[in-house]
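In what follows, a structure is listed as structure tokens, so that the remarks can point back to it.
No value in this document is a laboratory result; all are computed from the given coordinates. Small disclaimer: the values here were computed from a predicted structure and weren't measured. Here Cβ is always computed from backbone atoms with ideal geometry, including for glycine, and neighbour counts include all displayed protein chains.
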Amino acid sequence: MDGIKIRPALLSDLPVLQKFEQGVIQAERPLDPTIKKDPVHYYDLESMILDKDVAVMVAEYEDRIVASGYGMAKTARHYLDHTYYAYLGFMYTNPEFRGRGVNQKILSALKNWAISKDLTEIRLTVYEDNPGALRAYEKFGFKRHIIEMRLT
């Protein structure tokens, strides 16, 4: 989609990002019955925006924020061949802009950020019952890696 600008999030973006966070929670609630009742927050967005080891990115279209995502440096498990990796999350696209490649642009910006931090391993988590997200991430090049199972 033409006209999309990707940039780092600013503190002034917090009201929109907080709405996006609730959009993520609303989308995930049917997939995970263990999510607490409202009010729920996944992220400390203000701290993340200010953290040098986190990249919170937004997509703008005509001065309107339409998508978000973050990359965070995390310590890898001691037995892996890399010490750190980039973890991606907070992937949200305004429903009006879904299917137009906006998420791919956010992913590309976060991949570039990870490379700039010498983070060669990039991971994210996605619900198995979210086929749209799975397709988007696989289209970008992610591979299914491990299945987390639980017993309740």
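Go through region 127-152 and report how many residues are surrounded by 10 or more Cβ atoms within 10 Å (Cβ to Cβ) and either touching a residue at least 60 places away in the same chain (Cβ under 8 Å) or touching a Ser or Thr at 6+ places or on another chain (Cβ under 6 Å) (or both). Of the residues in that region, 3 qualify.
Considering only region 46-126, give the strands (runs of 3 or more DSSP E) lying wholly within it that have at least 2 residues that are exposed (fewer than 14 other Cβ atoms within 10 Å of the Cβ).
Numbers: elements: 54-61, 64-75, 84-93, 122-124.
Answer list for region 46-126: 64-75.
When Gln26 is tested against (1) assigned to a helix (DSSP H, G or I); (2) surrounded by fewer than 18 Cβ atoms within 10 Å (Cβ to Cβ); (3) in contact (Cβ under 8 Å) with a residue 12 or more places away in the chain, exactly one condition is not met: (3).
Being among the polar types (S, T, N, Q) and either farther than 17 Å from Gln22 by Cβ or touching a His at 6+ places or on another chain (Cβ under 6 Å) (or both) is the filter here, so list the residues in region 75-99 that pass it.
Selection gives Thr75, Thr83.
What about Thr83, is it hydroxyl-bearing (Ser, Thr, Tyr), more than 21 Å from Val24 (Cα to Cα) and touching a residue at least 12 places away in the same chain (Cβ under 8 Å)? No.
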